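Colleague: Attaching a single structure in structure tokens format; questions to follow.
Every read-out reported here was derived from the displayed coordinates using simple, explicitly stated rules and does not represent laboratory data. Values in this document were obtained by computation on a predicted structure and should not be read as measured data. Cβ atoms come from the backbone with ideal geometry, glycine included; neighbour counts cover every protein chain shown.
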Amino acid sequence: MSKNYLFQEIIVKNPVLIGTIGLCPIVAICTSLKAALIMSAVTILTLIVAQALSSLVLRHLPQWLRMGLYMLVGMFVVVPFILLVEKVDSTTMLALGIYLPLLAVNPVIVRQCEREGVNIGLAESFINSLCAGFGYSAVLIIVGIVREIFGNGTIWGVQILPITPAAGMLMPMGGFVVLAFMAALLRTYFRKIDPAYAEELAVNSRTAIKGHRGLKALLIDSEDEPETGEVPIEKEIPAVVETAPVAEFVSKETKPLTTDDEIDQLLKEVVSENGENNTKKSAEILNEVPTEVPADTPIGPKDEANTIFDAEFAEESAPNMTVAEKTPDAKKSQSGSLFGKFGKKSEKPEKKAGKKKRAKSSPAPAATPKSEVPPAAEAQKPKYEFITLELPSAVKKAEEKAVAERAALSKAEAERAADENAAAEKARLEAEKEAREKTIEKKTAAEKRAKKAMDEARKTASQLSDTTAFAAPVSEEEAKAETSTAKRNHSSNIVYRSEELERLMSMSLDDILNGLPSGNGDGEEGEK
Amino acid sequence: MSIISAFIAAFCYVVFTQNLVFTGGYGVSESIRSAARPRQLFLFSITIIYFSTLTSLVCRIVMLIPIFRAASTIVNLVVYTVVLTVIYLLTTVIIKVLLSNSSWKQEERDKLLRQTAVAAFNTIVFAVPFINQKVAYTVYESLAQGIGAGVAFVLATFLIHMGMLKIESNAEIPDSFKGTPALFMYIAILSLAFSGLSGQSLFF
């Protein structure tokens, strides 16, 4: 068990931070160091037992039956733990509640058993389960410590903070926040040592939920191992518009080659349909297709299982070559790649045989350097070599070109849009300028007209003042006399009106009626 | 009338007020994985609802037997495990029989069986009988709890999927938080929101 192996199993394949499985106990109940340690112990023991059983016995059973039995195995491990915890610390058992029994269905167990346990021997299974358990436990313990400190202000029950900074950390929300920061730290670390892998860890989902197209269609669309892999990275692969020979074949396919039947069908089209022409065509393809894909090619999903397997398959197919010659990933590893840097996991022959089928459908890079074999000889190679080793590179090349064309197209569109925007802006500015000039002209004209009117008015006024002064000069005494007369008349009028009002108010209704002009008979009464 | 109202109350409680995924963390891993594969959501959700409902109901009925009424946690665990395993095996056998004469390929059948297993052995399905026992739900309420657990899973998966789309299209997320960290933060906010609905005190 080397250091590299430990690093891969505990950090690179961490079930929580990379695989996002087994979150339930962490976010719900892992609020203290004590709870974290209990959960860790249960998980590690369950993993060891279940993986050992799967390595020895369960591997011979069908998968659907195996997956049911994992739960029974988990139950048989959890029950003694419950008895032990109840006897030692009943308070902790109460705090753990129903989450301790729920560890019987921990998805980490199913994942490890199905991925590793059924493919490796007992000794290796033991080591593997220990590593996976430690990886899971490390996250549990860190989350437990952080949440206990921030939620309770304690560590292992001992008060270390005078206050509790955030009691909300004890809720599931706190667990998710701590996990988010841990995942961010891990991602930052990966970005330093292998940026491409860090980018692939991002969770990409499809752009919309597809409509229901029948049960069978859903199953065909589904992934191979939904329950045991990492969170899927589903990237949209751009349409291939390449005119190269390989691209023609690729563009005929409406879906990527994923099964052996599809590859065989394509092989028949290439080799058998038109005989010699296609053989030549194949030779051309082999000449054109690069044997190595750049490490930073941003196409298609890639997980660490594929990467590891690529190296394994290359080793199997060309055992005498050095690691650097076998795969691009291996080359990448020499220059500091995440997986290569920390070595390759050794596996049993049965695991390799089990994954051979997967190799045909996976975009495995070329195992043999192209320069060692002349093109004519390559054309005479067995069919499967051509398809499995060369075609994915051609697809990637064609897709790269398609991506580049799309980028150029979008760039041209952006430039055109920018030009249009600039023209529109210019037109708007000109219109504003014209409007401003017109406004200024109008204002100037109005001012001129007003000035002219003012001049005329002044002129008229000066003429009138000359005339008035000449015709009827009014003395100040006369004006004062007129003013005082007007005031007096006004005052007497007010006095008269107030006197009249007082008189009317003092009169009774009969007096008012009697004061009216007299009339005759009915007419008089009617008027009254 | 009281049965219907109790049924609806239990259903709404487990779906909205105490959403099992966000406030309890049950099945959150599978919810994230289903949200990342929306094409599987329909089939997977139906399977989850089927198993949660059936397990909840059968476990509740079994626990009405006098021997199991005052049983300890260990007995409950054994009983629920056996019930869930039996339901899973029966369902698998039925599926295999139904598909034996169909035109489905072996690979497709295996995928269906694998998904069935994942849906059956899930914390959200397995937690429902424990919650029923803890809260002392009646048979009708247990039925509502089972259906509600499945619906809560669907609701959570849908919300997480929509969040994934937003996160994917958001270019302002720092590089270190792109992907899974941002998703965890988003789920944390949702969890906080649902905890608020249940009336818990958050920081005091």
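Colleague: Limiting things to C-alpha atoms, what are the Rg and the maximum Cα-Cα separation (Dmax) for the stretch A:1-140, in angstroms?
Modeller: So, for the stretch A:1-140, Rg and Dmax equal 14.6, 42 Å respectively.
Colleague: Moving on to the next point. Once you average over the residues of B:20-28, how many Cβ atoms of partner chains fall within 10 Å of each Cβ?
Modeller: On the way: counts 0, 2, 4, 4, 7, 14, 8, 3, 11.
Counting Cβ atoms of other protein chains within 10 Å of each residue's Cβ and averaging gives 6.
Colleague: Which order do peptides B:131-140, A:401-410 fall in by mean Cβ count within 10 Å, highest first? Working shown, then result.
Modeller: Working: B:131-140: 16.6, A:401-410: 12.8.
Descending packing order for the listed peptides: B:131-140, A:401-410.
Colleague: Considering just Cα atoms, how many Å³ per residue does the convex hull of the stretch A:407-462 enclose? Working shown, then result.
Modeller: Values: hull volume 1.6 nm³, N = 56.
So the per-residue Cα hull volume is 29 Å³.
Colleague: Take A:THR46, A:THR444 and order them by how many other Cβ atoms sit within 10 Å, fewest up front. Before the final figure, lay out each step's value.
Modeller: On the way: A:THR46 26, A:THR444 10.
Ordered by Cβ neighbours within 10 Å, fewest first: A:THR444, A:THR46.
Colleague: With N denoting the number of residues in the stretch B:1-153, provide Rg(C-alpha) divided by 2.2 N^0.38 Å, to two decimal places. Provide the component values of the computation, followed by the final result.
Modeller: Numbers: Rg = 16.1 Å, N = 153, 2.2 N^0.38 = 14.9 Å.
Dividing the Cα radius of gyration by 2.2 N^0.38 Å gives 1.08.
Colleague: A further question on this structure: Going by how many other Cβ atoms sit within 10 Å of their own, how do A:THR31, A:THR460, B:THR17 line up, fewest first?
Modeller: Result, fewest neighbours first: A:THR460, B:THR17, A:THR31.
Colleague: If you take the Cα atoms of the stretch A:83-138, find Rg, then find the Kirkwood Rh from the mean of 1/r over all pairs, what is Rg/Rh? Let's see the in-between values first.
Modeller: Values: Rg = 14.4 Å, Rh = 13.0 Å.
Result: Rg/Rh = 1.11.
Colleague: Now, a different point. For peptide A:66-72, how many partner chain Cβ atoms fall within 10 Å of a residue's Cβ, on average?
Modeller: Numbers: counts 1, 9, 9, 1, 2, 9, 4.
If you average over the peptide's residues, the count of other-chain Cβ atoms is 5.
Colleague: May I ask which of A:LYS3/A:LYS192; A:LYS397/B:LYS178; A:LYS87/B:LYS134; B:LYS111/B:LYS166; A:LYS34/A:LYS87 have a Cα-Cα span longer than 26 Å here? Spell out each step's value before the answer.
Modeller: Values: A:LYS3/A:LYS192 20 Å; A:LYS397/B:LYS178 28 Å; A:LYS87/B:LYS134 21 Å; B:LYS111/B:LYS166 30 Å; A:LYS34/A:LYS87 15 Å.
The pairs that break the limit, which is 26 Å between Cα atoms, are A:LYS397/B:LYS178; B:LYS111/B:LYS166.
Colleague: Fewest to most neighbouring Cβ within 10 Å: what's the order for A:PHE190, A:PHE176?
Modeller: Working: A:PHE190 21, A:PHE176 27.
Fewest-to-most Cβ neighbours within 10 Å comes out as A:PHE190, A:PHE176.
Colleague: Ok, one more. Please get the size of the charge dipole for the stretch A:395-458, origin at its Cα centre, with Cβ charges of +1 on Lys and Arg and -1 on Asp and Glu, quoted in debye to the nearest 20.
Modeller: Working: 18 positive and 16 negative charges, 73 e Å.
Roughly 340 debye for the stretch A:395-458.
Colleague: Charges only on Cβ, +1 for Lys and Arg, -1 for Asp and Glu: so what's the dipole of the stretch A:57-181 about the Cα centre, in debye to the nearest 20? Intermediate results must be reported in sequence, preceding the final value.
Modeller: Details: 6 positive and 6 negative charges, 41 e Å.
Computed charge dipole of the stretch A:57-181: roughly 200 debye.
Colleague: Note down the magnitude of the dipole of the stretch B:1-121 about its Cα centre, charges +1 on Lys and Arg C-beta and -1 on Asp and Glu C-beta and zero elsewhere, to the nearest 20 debye.
Modeller: Using Cβ point charges on Lys, Arg, Asp and Glu, the stretch B:1-121 gives about 140 debye.
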